[in-house]
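*Asks:* Sharing a structure here in structure tokens format.
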Amino acid sequence: MSGLSAGIGCRGLRVHAGRRELLSVPELHVAAGSTLAVLGPNGAGKSTLLRALGLLSSHRVSGEILLDGRPATRSLLRDAIVAVLQRPIMRRGTVAANVISGLRFRGVSRREARIRAWPWIEALGLGPLVGRDARSLSIGEAQRVSITRALAVGPRVLLLDEPFSGLDSTTRADLLADLRAALTGQPTATILVTHDRHEALALAEDTALLIDGRIRQHGPTAEVLDRPGDADTARLLGYTNLLPPALTGGTHTLVARPEHTQLVLAPSDGPADQAHDVRSVTGTLRRTVALGVATRVDVDTSAGSLTCLHPGDVLATELPPIGSDVRVRIRQARSLITADRDEPTETLPGPGDRQGTRGPAFDSEL
Amino acid sequence: MDVLFNGLVDAIRLLLTGDQDSWSITALTLRVSLTATAIALLLGLPLGATVALARFPGRRIALAAVNTGMGLPPVVVGLFVTVLLWRSGPVGGLGLLYTPTAMVIAQAAIATPIVAALVAAALQQVDPDFRVQMQALGATPIRALAALLGEARLPLLAAAMAAFGAVVSEVGAAQMVGGNLAGQTRVLTTAAVLATSRGQFSLAIAFGIILLLIAFGVNLSLTLIQQRQTVMR
């Protein structure tokens, strides 16, 4: 398993439901030992892509699935690939019986399967649960079993279809960390489908943005997450504030995250233009909402509304009254010049930027 | 009350002494009903699985038709099979009317829709993505289907019990296509009807008890299979 081409990929992959095209991916490759996150909104075709790659699609699929750079037969792919679906589906029986079922399908004896599965059971912390009836598990435990069941096979390709959705945040963070640790050093090519960019950042070296059945951007995760190419990807990546040229006087539409968009609370509030990546616009204060960890402020401008997020609880007395004219300061705005990845973005990430950071939930999603 | 009590006592004595006729009637009942159930399982399992899992136009109509078939009156089935097997009928040349084979055919026709409908219900109650997840773990489509059947084995065995219960207890079709010929096509239900009509209540009650015992015995063995597997896994 050496060379650039080891791993899973596809060429000219298309999925149709009737005459409607659900997905079109001209080319994709995930190298052995690396993880690709496929990030997209609901209905973008993420699961469709995953199921097509895993030969699990109930739709019409055309194109080639490549294993180690070569078109592979169904039985070869079936042997190489394991997929974890969004909902954990358990078989009747104990947790242990479920964990070994992937190995059993591959003709491994029960005894041998138990021996091979045990390190994974321990790595994912399922030891105390092995004798439990799989259908008595909580959703979080069941998803943990489902992931362990997939890892126990020692698959060359692991496909994960939003495995963390529906889990509470603590369970999710724990499972995310355990999965990350389990995958590290494994020669597995992993594809994670998700709508959550924090999961992409935590698990994947590379990220592809999938919108309307097409990959809009693809590259190193930190880079892709920080450089929205168009309005759709900007929204997906949390750059929900859209600043058209009319508002900023620039030549391109800018986008910014709410947490980088803040009210100027006092005229003396900070050196107004300390860096060239700070912009300010004016608008009318529409409402303020205290969210505990942050205070959300909605401002109407001449070109739509902006959402500001102030960390912590901003005192009501600090905020101007509703309906008053306010100034909004925007940091780290990104320019939607073109989807071309080689084009430098208008601003470079600041020192406080989280480029290259790894870990779950790097900021709260509000 | 006396009639019932005396009947019961006589019936038990009859059972304990066990005359030749009762034994042959019991054996024929078992043979006909078990064969019919086996055929119904062979036909009903794939039929029910297809209606439950395959995607084809008119699937829901097929499902409704199968469900309707659960309530098929044995007399209606008996009538149809009689007409089919009648000497001048489509397959009258085979001379099957008033033979145990004819009874098996009629009872299988009664039980097949029961099996199909209960199999369809059993398979549909399992997560629709179950087979997908099994295939995602490396199972071939056939292996995944087998896993699904294993997953639904409790309701599937219940389908077998329901089918056997329906055919062993029916009298209309057995009477019509079998003719209740002594020593040839007389089964427990038709024998009980005849005995009752002749006023031989204790004999009728004896047949009734045997019928219940058979039903209990067959269901007991199926239940034991069903529950043993549950504990084992």
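*Asks:* Under 5 Å between amide H atoms, partner at least 5 residues away or on a different chain: which partners does residue A:22 have, H built in plane at 1.01 Å?
*Replies:* Residues meeting the amide H criterion: A:15, A:16, A:17.
*Asks:* For the ranges A:153-161, B:101-109, what's the packing order if you count other beta-carbon atoms within 10 Å of each residue, average per peptide, and put the highest first? If you can, show how the numbers build up before the last one.
*Replies:* On the way: A:153-161: 24.1, B:101-109: 25.8.
So the peptides A:153-161, B:101-109, ranked by packing, come out B:101-109, A:153-161.
*Asks:* Can you work out the Karplus-derived ³J(HN,Hα) for every residue in segment B:22-31? Use 6.51 cos²θ - 1.76 cosθ + 1.60 with θ = phi - 60°, whole Hz, and x for glycine or proline.
*Replies:* Residue by residue, segment B:22-31 yields 4, 5, 5, 5, 5, 4, 5, 4, 4, 4 Hz.
*Asks:* When the dipole is taken about the Cα centre of the protein assembly as shown, and only Lys, Arg (+1) and Asp, Glu (-1) are charged at their Cβ, what size is it in debye, to the nearest 20? All intermediate terms of the calculation are to be shown ahead of the outcome.
*Replies:* On the way: 56 positive and 47 negative charges, 446 e Å.
For the protein assembly as shown, the charge dipole is close to 2140 debye.
*Asks:* Just report the Cα centroid separation between segment A:199-259 and segment A:40-78, whole Å.
*Replies:* Between the Cα centres of segment A:199-259 and segment A:40-78 lies a distance of 26 Å.
*Asks:* To continue, here is another question. Under 10 Å from the Cβ of residue A:34, count the other residues' Cβ atoms, weight Lys and Arg +1, Asp and Glu -1, and hand me the total.
*Replies:* Working: positive: none; negative: A:205, A:206.
Taking every Cβ under 10 Å from that of residue A:34, the sum is -2.
*Asks:* Residues of A:284-290, mean number of Cβ from any other protein chain within 10 Å of their own Cβ, rounded to a whole number? Please list the in-between numbers first.
*Replies:* Working: counts 0, 0, 0, 0, 0, 0, 0.
Per residue, the number of nearby Cβ atoms from other chains is 0 on average.
*Asks:* Quick check: Cα centre of segment A:97-158 to Cα centre of segment B:40-116, how many Å?
*Replies:* Their Cα centres are 44 Å away from one another.
*Asks:* Moving on. Considering amide H positions built from the backbone, and no H for Pro or chain starts, which residues 5 or more places from residue A:241, or on another chain, come under 5 Å of its amide H?
*Replies:* Long-range HN contacts for residue A:241: A:256.
*Asks:* Just to be sure I understand: with springs between alpha-carbon atoms less than 10 Å apart, which residue in A:287, A:197, A:296 has the highest mean-square fluctuation in the Gaussian network model of chain A?
*Replies:* Top of the fluctuation ranking is A:287.
*Asks:* What's the percent breakdown of Cα-Cα distances in segment B:28-92 across 5 Å bins, shortest bin first?
*Replies:* 4, 14, 14, 20, 21, 16, 9, 3, 0
*Asks:* Looking at chain A as a GNM with Cα springs under 10 Å, which of A:39, A:254, A:285 has the largest mean-square fluctuation?
*Replies:* Of A:39, A:254, A:285, the most mobile in the Gaussian network model is A:285.
*Asks:* Still on this model: Partner chain Cβ atoms within 10 Å, averaged over the residues of B:123-131 - can you pull that number for me? Could the numbers behind the result be given before it?
*Replies:* Values: counts 0, 0, 0, 3, 5, 1, 5, 4, 2.
If you average over the peptide's residues, the count of other-chain Cβ atoms is 2.
*Asks:* With Cβ to Cβ distances under 12 Å as the rule, what net charge do the other residues near residue A:155 carry (K, R +1; D, E -1)?
*Replies:* Cβ neighbours under 12 Å give a net charge of +3.
*Asks:* Based on Cα positions only, what radius of gyration and what Dmax would you give for chain A, in angstroms?
*Replies:* Here Rg and the maximum Cα pair distance are 23.4, 74 Å.
*Asks:* Another one. When Cβ neighbours within 10 Å are restricted to other protein chains, what is their mean count per residue of peptide A:76-85?
*Replies:* Details: counts 0, 1, 7, 1, 1, 4, 3, 6, 3, 6.
So the per-residue partner count for this stretch is 3.
*Asks:* Also: In sequence order, what are the phi-derived ³J(HN,Hα) couplings for segment B:151-162 according to the Karplus relation 6.51 cos²θ - 1.76 cosθ + 1.60 with θ = phi - 60°, rounded to whole Hz, with x for glycine and proline?
*Replies:* 5, 9, 5, 4, x, 5, 5, 4, 5, 5, 5, 4
*Asks:* On C-alpha positions alone, give me the angle between the axis of helix B:59-69 and the longest principal axis of chain B, in degrees, nearest 10.
*Replies:* Rounded to the nearest ten degrees, it is 10.
*Asks:* Spelling out what I want: for every residue of segment A:248-254, take phi, set θ = phi - 60°, compute 6.51 cos²θ - 1.76 cosθ + 1.60 (Karplus), and round to whole Hz; glycine and proline get x.
*Replies:* 9, x, x, 9, 10, 5, 9
*Asks:* Name the long-range amide H neighbours of residue A:326: under 5 Å, sequence gap of 5 or more, or other chain; modelled H, no Pro or chain starts.
*Replies:* Distant-sequence amide H within range of residue A:326: A:283, A:284, A:285.
Just so you know, all these numbers are worked out from the coordinates, no wet-lab data involved. This is a predicted model, so every value here is computed, not measured. All Cβ positions, glycine included, derive from the backbone under ideal geometry; neighbour counts span all protein chains shown.
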